[in-house]
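Taken together, the values in this text are just the output of simple stated rules run on the coordinates, not laboratory data. Predicted, not measured: the structure shown is a model, and the values here were computed from it. A quick note on method: Cβ atoms are made from the backbone with ideal geometry, for glycine too, and the neighbour counts reach across all protein chains shown.
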Amino acid sequence: MSDTHQPAPAALRIALVCPYSLSRPGGVQGQVTGLARQLGARGHQVTVFAPIDHRSDIPPGLDLVVSGHSIPLPANGSRAPVSVSPRAAVRSVQALRRGAFDVVHVHEPFSPGLPYALLLASGVPPMVATFHRSGGSIFYSVLRPLARQRANRRFAVRCAVSEAARETADHAVGGQYSVLFNGVEIERFRDADPWPTEGPTVLFLGRHEERKGLRILLEAFAILAGIERLAHPRGPSEPDADCPPTLWIAGNGPETEWLQRLHPESPQIHWLGILSEEEKVRRLAAADVLCAPSLGGESFGMVLLEAMAARTLVVASDIDGYRDAVGADAVLVSPGDPAALADALAVALAPTAGAVDPEVSDRRAARLDAGSVRAARWSMARLAEEYESIYRQVAVGEPQ
């Protein structure tokens, strides 16, 4: 009898390059660290290259090469925490050359710092580029001529996290793209220990800037407080036990102080500041609703899928990036409309556990079930498999 056993594929040495500081929470940072964990679990040797502002911010278990300290630069209506130190970029390129990597995977490859240095460097391994950004960017517009020329030479494969991100990258530098997705570490959110709550709770996670729509949410919450008192949909209270809703506001930004003056800390409004990753996951699992009232410029609703994985109902703006992520499994409202948002939140927070109308409870449970199934389609484990196939094609010429 012939031996048909096939040897396991060889482990790869993979460099993941993140332009944004791991000291600041963000979608790209979460994708890079989550992908590193999943690829490591698949047996590969993974090193992350990223800025860091405090050594204590390094995620546990992560093999990290620090590519500088960050400063906030305006980008896409936000502030990107990137390193602009040429010395740090040169040191990182040298470390990357010494690492004997099979492949280098660069996220947001036209960002300042190490990603752009790699476009100019010689003697580096084959490069895979993933584009996350949706909408215009000063990084694209200022650097477009050189970026287009170098991209054609340097990128073995170009990926985008969504159609919106693909369109943005195509407009800037052209080329062919594999449209993949952002991944969710399903188990981390599904199995989280929920943060304690005392009533129906709405969570906002994001930077406090105009594009993220926090002002709209605060105006909607003020309207909501006047609509009705809401029974907690998950707690042990009796059906007729009323409890006002609570709003958790995480993050900070240029509008924080102004919005805090208009809507100060109170029993119903809690300003939490920047959360650790652990606290973020626990609060996301505890909240009854995650509200994402962004006005635009979102390439993909990563935090929306994280909420679905945690079995938290999503109320979000009806914009392209969010619609692509959640489909029909979230409540979508017109962006910039506080009254419409207040109505949607009132419905989402309507009593369910022990509710007078069992149909309300059934509809909510069905939506949570559908959201959980949808989030699983975007699992980080599946994304790691997709990228592994691309890495092998690029590094050793295997077909995808």
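Taking a point 7 Å out from the Cα of Glu386 in the direction of its Cβ, the residues of the range 288-331 whose backbone N falls within less than 19 Å of it are 298-309, 320-329.
Using a cutoff of 8 angstrom between alpha carbon atoms and counting only pairs six or more residues apart, the relative contact order for the chain works out to 15 percent.
Subtracting the Cα-Cα distance from 0.36 nm times the residue separation, let me have the gained length for Ser266 to Arg377 in nm, one decimal.
Details: separation 111, 0.36 × 111 = 39.96 nm, distance 3.88 nm.
Computed gain between Ser266 and Arg377 is 36.1 nm.
Rounded to the nearest 10 degrees, the angle from helix 138-154 to the longest Cα principal axis of the chain is 40 degrees. The mean sequence separation of alpha-carbon pairs under 8 Å and at least six residues apart, normalised by the residue count of the range 188-377, gives a relative contact order of 28 percent.
Ranking of Glu219, Glu257, Glu385 by neighbouring Cβ atoms within 10 Å, starting from the fewest: Glu257, Glu385, Glu219. Find out how many positive minus negative residues lie around Ser276, taking Lys and Arg as positive, Asp and Glu as negative, among other residues whose Cβ is under 10 Å from that of Ser276. Surrounding charge for Ser276 is -2.
Applying Stokes-Einstein at 10 °C and 1.306 mPa s to the Kirkwood radius of the chain, computed over alpha-carbon pairs, gives a translational diffusion coefficient of 72 µm² s⁻¹. Positive contributions from Lys and Arg (+1) and negative ones from Asp and Glu (-1), summed over other residues with Cβ under 12 Å from the Cβ of Val82, come out at 0. Shown in residue order for the range 109-126 are the 3J(HN,Hα) couplings computed by the Karplus curve 6.51 cos²θ - 1.76 cosθ + 1.60 at θ = phi - 60°: x, 9, 8, x, x, 4, x, 6, 4, 5, 5, 9, 6, 10, x, 10, x, x Hz (x for Gly and Pro).
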